[in-house]
Amino acid sequence: MKRDDVIHGIDLAFKDAAIPRTEEELAPPGIEARYVIDHFFGKTRNDVESQPFLGSLYMEDFSYMTDAAVRYYLPAVLRIMLANSTDFELWIHLHGFLRRREGDCPAPALTALSVAQRKAIADWADTLSQEWASSKWMSQFSKKAARLARTYRSVGTSLPST
């Protein structure tokens, strides 16, 4: 699949996700909410994509966002990863978050994704997997990306582990 098609699929699947307009819409009250608000409040997807995105700092915030906020900001991060497909640090943290679709503590924002949203994530992961298969450095992540794609394509409760 071509990158432009993958990006278009991401944009279409998440087009109805609304920007969080209040701090409470972005992050529920708690110790970590302050950081999420500092990093994301008032920022559009374009703002997130146009500024440096440090996976080790910002991806943890996704664990403390509301489900609606995750659906709003996730497309920007998927596009950032496509644009910087050798950013292994972002991949490690993004993969870690996306893997939380299943297991003992699934992320509600990920388990409630629509079929179109899951397909967009699967296409994204497949694209990275295929690109990385022939890369000297990133090939080590190719199989994990392919497993992640299979996870998001799976239907039902018995999903393959990543």
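The values are calculated or read from the model by the stated rules, or taken from the named source; none is laboratory data. Everything numeric in this text was worked out from a predicted model, so none of it was measured. Methodologically, a virtual Cβ is constructed for each residue, glycine included, from the backbone with ideal geometry; neighbour enumeration extends over all protein chains shown. For accessibility, only protein heavy atoms count, side chains too; no ligands or nucleic acids. Shrake-Rupley method; radii C 1.70, N 1.55, O 1.52, S 1.80 Å.
A few comments on the model shown:
- Bins of 5 Å from zero: percent of alpha-carbon pairs in the chain: 1, 9, 19, 22, 23, 15, 8, 2, 0
- Selection from Phe40, Ala83, Thr151, by position along the positive dipole direction of the chain (Cβ): Thr151
- For His93, His39, the ranking by accessible surface with the largest value first comes to His93, His39, using a 1.4 Å probe.
- Residue-level accessible surface for Ile10, protein heavy atoms, 1.4 Å, Å²: 0 Å²
- Taking the C-alpha atoms only, the angle from helix 142-153 to the longest principal axis of the chain is near 70 degrees.
- Solvent-accessible ranking of Asp5, Asp16, largest area first, probe 1.4 Å: Asp16, Asp5
- Folded to 0 to 90 degrees: helix 115-133 orientation relative to the chain principal axis, Cα: 50 degrees
- Computed magnitude of the charge dipole of the chain (debye, nearest 20; Cβ of K, R +1, Cβ of D, E -1): 660 debye
- Residues of type aspartates and glutamates that Lys2 reaches as a straight line, Cα spacing below 12 Å, ignoring anything fewer than 8 places off in the same chain: Asp123, Asp126, Glu131
- Inter-site label distance for Thr86 and Ser50 at 7 Å from Cα along Cβ, in nm: 2.7 nm
- Qualifying trypsin sites (Lys or Arg not before Pro) in the range 21-126, where qualification requires a DSSP coil assignment and no more than 13 other C-beta atoms within 10 Å, comprise Arg21.
- Counting 0.36 nm for each residue step from Ala68 to Glu23 and taking away their Cα separation leaves a gain of 15.0 nm.
- Helical content of the chain, expressed as a calculated mean residue ellipticity at 222 nm, amounts to -17000 deg cm²/dmol (DSSP H runs of 4 or more residues, -39,500 (n - 2.57) each, divided by residue number, nearest 500).
- Between the range 97-150 and the range 1-54, the C-alpha centres lie 18 angstrom from each other.
- Just the protein heavy atoms count here, and of the accessible area of the range 3-110 at 1.4 Å, carbon and sulfur take up 51 percent.
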